[in-house]
Structures are given as C-alpha cells and as structure tokens.
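*Asks:* Below is a structure I'd like to ask you about.
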Amino acid sequence: MVVSYEDIKKYELYLAYLEKKLGAFFEEQSPYIFCKEGCSHCCEKGEYPFTEIEFAYLMLGTRFLDKDTFNQVEKNMFEVKNAKKEHNENEKFMHKCPFLINKKCSLYKFRGLICRTHGLAFFSKENKLLVPACVDKGLNYSNVYDFENKTISVEKFENSGIKQEPLAHNVGLHFMTNNSFIDSIGLKFGEIKPMIEWFK
Ligand code: SF4
C-alpha cells in the first residue's frame, strides 16, 4: 500500500475522533489510572505493533525533530536493531521504544494507536480482560487487582469506596483498526507488524 496525502488526512480525521473517545475512557477510569509525566513504563518494553499508515504518520513526525533528537533516535534504533540480531527468533522481541528520549515520547503527536491507549484496561482479540503491565509496579488498576488470580477483584472494588467500576474497553489494535467510523471515511490501515520491522 502506498500511503497518500489523502490517506494521511483521513487518518488525522480518525485520530481526532478516537482522541475524544479515549479522553472519555481515561476520564471515566481515572480512579484506577496512575499515569503521570516522567513515567514511561509502557514504552520501556514492548513490540509496538504498527500498521502501515500509523508508521507513515510516525515517519512524517520525524521531519519535525531537532537534529540532536533525530541523532539520538537513530542511535537508539541502531542499538535495538543490533539487539534484535542477537535475539532468539522463536521468542517475541521486546525492547525499549527508540523514540523514547529522557522518558518522554519524542513523537508524541505522531505516536501510534496503541501508544494512545497506554494505561487503560482493554479486551484482547480473544475477549480476555487485560490490565496494563504496570499493575505489577503498583500502578494502574493495582488498587482493585487480584494479583494471585490475575484479574480485577470485585471484593477489592467493593471495599475501595470508588463509585466508578473498573472497566475494560475495546481499545485493542484489532478493534481500533476495524470499526464503523473507519469504514465511513474509507480509511485503510494496510499491513501490521512490530515497529522495528518497518525499519529496513
Ligand atoms: S512512539 Fe512514543 S508513545 Fe509510542 S511507544 Fe514509542 S515512545 Fe512510547
């Protein structure tokens, strides 16, 4: 798929729609969200699946990076690629995102779809309720999490005194790239693969 200017415009339209929805989800789930500036847990270890259009948009963002930041990203990328060469191919390759600089996303405006959902509980493709990995660090959803059974605890919620229930939303990439709004604007996402595989 060749990503055109028109595709990018459609994608930006979708991002505006999605940001509103995600903003409402974050607001609703705020008693369970402990994200704060300087916390980069979600970007420290992952695969970061990107579709073709998301990747094209991310690359568009690199044009606005200052020289030092661009050089740092290139250095990070080089290190990740080298680490990948050493990696056992039968296992998932998890790494720090090369765009994470001083614990901040250097391409925040251009970040991918899953980046925008970092911190929320969500449903997997198999319809399993998942909470962010930072629960193990005593962060998101840890106030209502049953660590032994690896699920949200009804008992903890009832004892918490919080009115809003802890809820998972359909914010997995499979859902965010397949819904009626996307169809209505004729947006195409193209192939999906881990971010690092987009870099030749
Ligand atoms: S693109 Fe930005 S938000 Fe997404 S994983 Fe990388 S550093 Fe984090």
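*Asks:* Those residues that are part of a loop (DSSP other than H, G, I, E, B) and among the aromatic types (Phe, Trp, Tyr), I need them from the range 65-109; list them, please.
*Replies:* Residues satisfying the conditions are Phe93, Phe99.
*Asks:* Do we find that Asn102 is over 21 Å from Ala24 (Cβ atoms) and without any contact (Cβ under 8 Å) to a residue 40 or more places away in the chain in this structure?
*Replies:* For Asn102, the condition - over 21 Å from Ala24 (Cβ atoms) and without any contact (Cβ under 8 Å) to a residue 40 or more places away in the chain - is met.
*Asks:* Only one of (1) touching a residue at least 40 places away in the same chain (Cβ under 8 Å); (2) out of contact with any strand residue (DSSP E or B) (no Cβ under 6 Å at 6 or more places or on another chain); (3) surrounded by 11 or more Cβ atoms within 10 Å (Cβ to Cβ) is not met by Thr51, so which one is it?
*Replies:* (2)
*Asks:* Let me ask something else about it. Under 7 Å by Cβ, and 6 or more places apart or on different chains, what pairs join a residue from the range 185-200 that is within 25 Å of Glu74 (Cα to Cα) with one that is in a loop (DSSP other than H, G, I, E, B) and of a type in the set (D, E, K, R)?
*Replies:* Every condition considered, the pairs that remain are Pro194/Glu47.
So that you can scan it fast, the table gives a plain yes or no per residue for (1) within 16 Å of the ligand (Cβ to nearest atom); (2) of a type in the set (Val, Ile, Thr):
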{"position": "Lys104", "(1), (2)": "yes, no"}
{"position": "Tyr108", "(1), (2)": "yes, no"}
{"position": "Val131", "(1), (2)": "no, yes"}
{"position": "Cys134", "(1), (2)": "yes, no"}
{"position": "Glu148", "(1), (2)": "no, no"}
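*Asks:* So which residues in the range 178-200 are among the β-branched types (Val, Ile, Thr), buried (at least 16 other Cβ atoms within 10 Å of the Cβ) and away from the ligand (no atom under 16 Å from the Cβ), if there are any at all?
*Replies:* Of everything in the range 178-200, just one residue is among the β-branched types (Val, Ile, Thr), buried (at least 16 other Cβ atoms within 10 Å of the Cβ) and away from the ligand (no atom under 16 Å from the Cβ), namely Ile182.
A short reminder: the numbers here are calculations on the coordinates, not readings from a lab. From a predicted model like this one, the values you see are computed outputs, not experimental measurements. Because the Cβ atoms are built from the backbone with ideal geometry, glycine has one as well, and the counts that use them run over all protein chains shown.
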